[in-house]
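Enquirer: Next up is a structure, given as structure tokens.
The values are calculated or read from the model by the stated rules, or taken from the named source; none is laboratory data. Predicted model, so just to flag it, every value in this text is computed and none were measured. Here the Cβ positions follow ideal geometry from the backbone for every residue, glycine too, while neighbour counts run over all protein chains shown. For the accessible areas, the whole protein counts, side chains as well, though only heavy atoms, and no ligand, DNA or RNA atoms are used. Shrake-Rupley method; radii C 1.70, N 1.55, O 1.52, S 1.80 Å.
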Amino acid sequence: ILLFIFPISNSFGAMVTHNQTVTVNQSSGGLVAGIEFNNDGTKMFISYAQPSNGYGNPHYIQEYNLSTPYDISTRVDAGDSERCELTGTEADNNYTIYDLEFSSDGMKFFTLQRNAGADDADRDRVYGFDLTSPYDVSTCALATKQEALDTTALTNGSNAGDFDHTKNKAKHRVQSLEINDDGTKLFLTFMDANDSDVGARLYEYNLSTPYDVSTLSIVTTAGIEIPDSTLNGVQNPQGMRFSANGKRIFIISHSEGTASITQISLSKAYDTSSFTLDGRLNINSGLSPNNNDEPRGVAFSASGLKLYIGSDRNQGSFDQIMEYDLV
């Protein structure tokens with residue numbers, strides 16, 4: 001059960017204690033984008049926003065073995081033979097990989113891709129990969145995809161608010177995802193930098209075939225328009241996670257200086273039609289040591305008592321993952 005760690009107040013920082021910080025190698029990529037664990041915490045997986053030697057090269061999901069569950073100091077890189085090359089995704093033209101999410105049984109995972117500089121409607125994509133055994137990403141094979149997410153049919157008409165498609169589509173881009181336990185619902189968060197008062201649009205989709213993202217359709221009675229607010233909103237949303245019971249959402253803001261994690265509570269599990277914006281914690285000024293390097297990935301342990309946030313230290317240093325204990 002994921003414990004209730006908010007509402008956020010000025011004292012919330014005291015409820016989150018830094019445990020440790022580790023580096024993760026960049027042999028396969030740079031910029032930690034998504035963080036995930038297997039069900040017992042003995043494996044950690046990382047998606048990288050771009051390859052270590054720049055754009056235009058294959059993207060990978062890297063695997064680490066943990067000798068002590070959820071203790072990231074015990075990580076050992078499983079090696080190139082155990083990673084997944086994301087064959088079937090766009091390998092060039094400045095396409096960036098974003099969040100990472102596994103199915104509840106570990107037999108599938110999902111990731112996102114976007115050409116962040118292109119003002120086109122077909123540059124936002126979600127992919128699903130199948131595995132032949134749980135959490136063995138070396139066996140990955142592209143199984144399903146949905147391109148052209150940034151279209152009127154897939155982003156307008158819901159409670160998340162309409163995006164004006166005459167504006168710059170490069171500023172309205174998909175950057176984080178989640179999926180419910182039975183694979184019938186997909187959640188995508190788009191940055192919307194075109195609207196000064198909107199920090200993000202969180203869309204809810206039905207999947208007519210479970211886990212098949214090519215069958216998605218927007219839920220018009222759901223979705224969240226999240227304000228651009230330092231109190232309870234987001235700026236440049238990146239990683240997103242649901243609590244284990246599906247009734248809370250956590251979103252990382254990838255903004256240097258105002259890097260934060262925002263919590264949203266839902267009245268019903270995996271249903272964004274009724275929600276409360278609980279608040280947000282600035283992880284730059286609100287935690288010690290701070291995480292001021294434009295964080296991307298976010299994950300929790302199975303108990304919800306540990307929080308993991310990626311630290312985008314690509315400026316002449318290794319990327320990091322910071323581990324926090326929660327009360």
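Enquirer: How many of the residues making up segment 215-257 are in a loop (DSSP other than H, G, I, E, B), under 24 Å from Ser303 (Cα atoms) and either free of Cβ contacts under 8 Å to residues at least 12 places away in the same chain or in contact with a strand residue (DSSP E or B) (Cβ under 9 Å, 6 or more places away or on another chain) (or both)? Before the answer, list the steps.
Expert: Initial filter on segment 215-257 (in a loop (DSSP other than H, G, I, E, B)): 219-223, 228-236, 243-247, 254-257.
Filter again for under 24 Å from Ser303 (Cα atoms), leaving 243-247.
Cutting the leftovers down to either free of Cβ contacts under 8 Å to residues at least 12 places away in the same chain or in contact with a strand residue (DSSP E or B) (Cβ under 9 Å, 6 or more places away or on another chain) (or both) gives us 243-244, 246-247.
The total comes to 4.
Enquirer: The conditions are (1) of a type outside the set (A, V, I, L, M); (2) open to solvent by 40 Å² or more (accessible area, probe 1.4 Å); (3) farther than 26 Å from Gly304 by Cβ, and Pro210 fails exactly one of them. Which is it?
Expert: (3) is the only condition that Pro210 fails.
Enquirer: Any idea which residue in segment 91-114 is surrounded by the fewest Cβ atoms within 10 Å (Cβ to Cβ), counting only those that are under 14 Å from Phe129 (Cβ atoms) and small (Gly, Ala, Ser)?
Expert: Gly106
Enquirer: So, of the residues in segment 294-312 that are surrounded by 22 or more Cβ atoms within 10 Å (Cβ to Cβ) and part of a loop (DSSP other than H, G, I, E, B), which turns out to be modelled with the lowest pLDDT?
Expert: Asp312
Enquirer: Let me ask something else about it. If you go through segment 225-247 one residue at a time, how many are crowded, with 23+ Cβ neighbours inside 10 Å and either closer than 12 Å to Tyr270 by Cα or at pLDDT 95 or above (or both)?
Expert: 3
Enquirer: Right, next: So which residues in segment 171-214 are over 25 Å from Glu36 (Cα atoms), out of contact with any strand residue (DSSP E or B) (no Cβ under 8 Å at 6 or more places or on another chain) and of a type outside the set (Asp, Glu)?
Expert: Listed by number, the list holds a single entry, Ser196.
Enquirer: Please indicate, with yes or no, whether at least one residue in segment 118-127 is at negative phi, at pLDDT below 95, surrounded by 23 or more Cβ atoms within 10 Å (Cβ to Cβ) and assigned to a strand (DSSP E or B).
Expert: Yes, because at least one residue in segment 118-127 is at negative phi, at pLDDT below 95, surrounded by 23 or more Cβ atoms within 10 Å (Cβ to Cβ) and assigned to a strand (DSSP E or B).
Enquirer: Tell me, which strands (runs of 3 or more DSSP E) lie completely within segment 1-81 with 2 or more residues that are modelled with pLDDT of 85 or more and open to solvent by 10 Å² or more (accessible area, probe 1.4 Å)? Give the steps one after another, and end with the answer.
Expert: Numbers: elements: 16-24, 30-37, 43-50, 60-66, 75-77.
Ranges flagged: 16-24, 30-37, 60-66, 75-77.
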